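Some notes on the structure that comes next.
The values are calculated or read from the model by the stated rules, or taken from the named source; none is laboratory data. Remember, predicted model here, so these are calculated numbers, not experimental data. For neighbour counting, all protein chains shown are included, and Cβ atoms are generated from backbone atoms with ideal geometry for every residue, glycine included. What goes into the accessible areas is simple: the full protein's heavy atoms, side chains included, and nothing from ligands, DNA or RNA. Shrake-Rupley method; radii C 1.70, N 1.55, O 1.52, S 1.80 Å.
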Amino acid sequence: MKFNTKTIHGGQKHDPAYGAVMPPIYQTSTYAQTTPGGHKGFEYSRTHNPTRKALEDALASIENGKFGLAFGSGLAAIDAIIKLLKSGDEVISTNDLYGGTYRLFTKIFEDFGIKFHFIGMDNADKIANYINDNTKLIWVETPTNPMMNIINIKAMAEVSRKHNLLLAVDNTFATPYLQRPLDLGADIVMHSATKYIGGHSDLVMGALIVKNEELAKKLYFIQNASGAVCGPQDSFLALRGIKTLHIRMQRHCENGEAIAKYLKSHSKIEKVYWPGFDDHPGHNVAKEQMDGYGGMISFVTKGSNYDSAIKIVENLKIFTLAESLGGVESLAGHPASMTHASIPKEEREKTGVVDSLIRLSVGIEDVDDLIADLEQAIG
Ligand code: P1T
């Protein structure tokens, strides 16, 4: 089945009770049993819920995995991955990543004795210098948030296989429409399903997809034992979102490209970060491992500083100034004071997250209106 068919049918079946084409929202915490253990496969909704199961099967299908797991947020999904580890273990992570992921790693899990090495991942050979007997996991986000760096998933998979490590890839920015990390050798794909998977800025959710059954069992155990699951209503919405992922992504990519090119040609713009440009340092890898370049763009205007960047995002009228990304509506953000404020200034500036950086999540509106909005805001 091809991707555009999978979004609508992959892993999905009509509801067995009445043949409902969309799975009903099974708004129930528990399930009647005829005798202890005598149930129809569902006993308690932290463990299993039919609506969540329908979503999890669809997620597994679109990522070319075998097992899907849905969580109450993207961070809850990441939390479950790190709980595969124990005190003394080490993780090698990209140094350019969502601020909340950095905060979870450094402010929660470091206190539990897990060590994180944050490094630039432009070259897989660098990783070897950080691998020792305690290393267990490589954490990759690509394209990275918010600098749009590209990490070579295949090369990372080779390193992780060679050293018997797990490779987890945060596929939030690309989505499986553009990039399928399991096919490239990753062990775990993670999503903030809050973003493009849901697609309508109306839910908060995380997802994990794996192929390996033993790994899936461990993650299901953590999902149930820690309990950070999503509810049936949100599962229904995310499943509905998946049905249009391919057409939304197609438009996000078209609009993203037009806006990236508009910004690059603008006399007041200093730098535009978008992997579709030939001169983007990760362009060749992106071309190889992605089917398009997406709708996320970061940029800096000439001679700008904190205040002038804030003024631009405040001036926007169609782009909404807000955290998050990946919805049908265009959003603008100021990473230094919003999504990446939890990373110390000297750390975030090392990766380019300067006070003058603006991030756009380009939506699926008419691109002429979006460009006119940027034009009036940049001045
Ligand atoms: O917000 P939550 O669903 O918990 O997902 C966290 C997360 C994980 N990974 C990436 C790449 C992300 O972008 C996020 C959340 N990001 C934002 C809220 C943001 O505006 O960047």
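Observations, loosely collected:
- Taking 0.36 nm per residue of sequence separation and removing the Cα-Cα distance, the S267/D111 pair yields an extension gain of 51.4 nm.
- Relative contact order (percent, whole number), region 246-378, Cα cutoff 8 Å, 6+ residue spacing: 29 percent
- Qualifying aspartates and glutamates (Cα of each under 20 Å from Cα of K261; at least 8 residues distant if same chain): E270, D278, D279, D291, E329, E365, D366, D368, D369, D373, E375
- Lys/Arg +1, Asp/Glu -1 at C-beta; region 3-242 dipole; positive extreme among L239, G227, T28: T28
- If the segment from E214 to I119 were pulled out straight at 0.36 nm per residue, it would be longer than the present Cα-Cα gap by 31.3 nm.
- Label-to-label distance, nm, for residues given as S337 and D307 (7 Å Cα→Cβ offset): 1.2 nm
- Between amide H atoms placed 1.01 Å from N, distances below 5 Å from T135 occur with E90, all of them 5 or more places distant or on a separate chain.
- Table column - 3J(HN,Hα) (Hz), region 301-312, Karplus curve with 6.51, -1.76, 1.60, x for Gly and Pro: 8, 5, x, 8, 9, 3, 5, 5, 5, 4, 4, 4
- Ranking G37, L59, G11 by Cα position along the charge dipole of the chain, where only Lys, Arg, Asp and Glu carry charges on their C-beta atoms, puts G37 farthest toward the positive end.
- Taking 18 Å as the limit for the C-alpha separation, the pairs K2/K217; K86/K107; K66/K86 exceed it in the case of K2/K217; K66/K86.
- The C-alpha radius of gyration of region 124-229, expressed as a fraction of 2.2 N^0.38 Å, stands at 1.12.
- Relative contact order computed over the chain (Cα-Cα under 8 Å; 6+ residues apart), in percent: 18 percent
- Size descriptors for the chain, from the alpha-carbon set: Rg then Dmax equal 20.7, 73 Å.
- Evaluated over the Cα positions of region 246-378, the convex hull gives a direction-averaged projected area, one quarter of its surface, of 7.9 nm².
- Among K2, K86, the order of accessible area from largest down is K2, K86, computed with a 1.4 Å probe on protein heavy atoms.
- Couplings 3J(HN,Hα) of region 287-294, computed from phi: 4, 6, 9, 10, 9, x, 10, x Hz, in residue order, whole Hz [Karplus 6.51 cos²θ - 1.76 cosθ + 1.60, θ = phi - 60°; x for Gly and Pro].
- Phi-derived couplings, Karplus 6.51 cos²θ - 1.76 cosθ + 1.60 at θ = phi - 60°, listed residue by residue for region 144-151: 7, 9, x, 8, 6, 6, 10, 10 Hz, with x used for Gly and Pro.
- When +1 charges are put on Lys and Arg Cβ atoms and -1 charges on Asp and Glu Cβ atoms, the dipole computed for the chain relative to its Cα centre reaches about 860 debye.
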